[in-house]
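Note sheet for the following structure.
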Amino acid sequence: MLAWRVHENGEPRDVMRLEEVAEPAPGAGELLLGVRAANVNFPDALLCRGQYQVRPPLPFTPGVELCAEILALGDGAEGEIGARVLAQPALPAGAFAERAVVGAHTVLPAPEALDDAEAAALHIGYQTGWFGLHRRARLAAGETLLVHAATGGVGSAAV
């Protein structure tokens, strides 16, 4: 299968290379996913630069969230072959690949109202926006919120 790989840290456009790699196999409690769309997040750029709080061993495949189809179930894993799901694959084998393996308990159903690209961008941006507004800012009913950078993922989620 094809996957974007980072062999040295630097700017994503300079260090990511599309390569042929072995297809992963799901272990116990895991799902093999066929990636339909992968969102590009700020953490992906930081990962490529070696500036994120998690530093996967080189080489690695970035991509922290995706929309995918379940292709196979590992022993004891629950899921439905063909189901469309959202997931966050564990590094060093991220979402910028044709296939990804994730824990079966971590997947969420992809909303039918969203296409694959929209669904792939849903989880982290909205989770971050919700956390920032409700847990950190403690935004309450009747308050006014000014959203800067509303065209980005978290900003549009906040709107």
Could you pull the Cα extents of the stretch 69-152 along its three principal axes, largest to smallest, in whole Å? 49, 29, 25
Using alpha carbon centers only, the stretch 133-151 is separated from the stretch 51-67 by a whole-angstrom value of 29
Per the chain, sqrt(5λ) over the Cα gyration tensor eigenvalues, sorted largest first, in Å, gives 28, 21, 13
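In deg cm²/dmol and to the nearest 500, what is the mean residue ellipticity at 222 nm of the chain if only DSSP H runs of at least 4 residues count, each as -39500 (n - 2.57), divided by the residue total? Walk me through the intermediate numbers first.
Numbers: 5 runs with 31 residues, N = 159.
Value at 222 nm, helices only: -4500 deg cm²/dmol.
So, with +1 on the Cβ of K and R and -1 on the Cβ of D and E, and no other charges, what is the size of the charge dipole of the stretch 25-159 about its Cα centre, to the nearest 20 debye?
Values: 8 positive and 13 negative charges, 134 e Å.
Dipole magnitude for the stretch 25-159 comes out near 640 debye.
Please give the peptides 27-38, 121-132 ranked by average Cβ packing (other Cβ atoms within 10 Å per residue), highest first, as a rough proxy for protection.
Working: 27-38: 19.9, 121-132: 16.9.
The peptides rank, most packed first, as 27-38, 121-132.
Of the DSSP beta bridges with both residues in the stretch 20-108, give the percent that are antiparallel, rounding to the nearest 5.
Details: 17 of 18 bridges.
Looking only at bridges with both residues in the stretch 20-108, the antiparallel portion is about 95 percent.
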Can you tell me how much longer the chain between residue 81 and residue 135 gets when fully stretched, taken as 0.36 nm per residue apart minus their C-alpha distance, in nm with one decimal? 15.8 nm
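Loop-only check: which trypsin sites (Lys or Arg not before Pro) in the stretch 98-159 are DSSP coil with at most 10 other Cβ within 10 angstrom?
Counting only loop positions with at most 10 other Cβ atoms within 10 Å, the trypsin sites (Lys or Arg not before Pro) in the stretch 98-159 are 138.
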Which net charge results when you count Lys and Arg as +1 and Asp and Glu as -1 among the other residues whose beta-carbon is under 13 Å from that of residue 98? -1
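Each reported figure results from applying straightforward, stated rules to the coordinates on display, with no laboratory input. Note that this is a predicted model, so its numbers are computed, not measured. Virtual Cβ from ideal backbone geometry, glycine too; neighbours counted across all protein chains shown.
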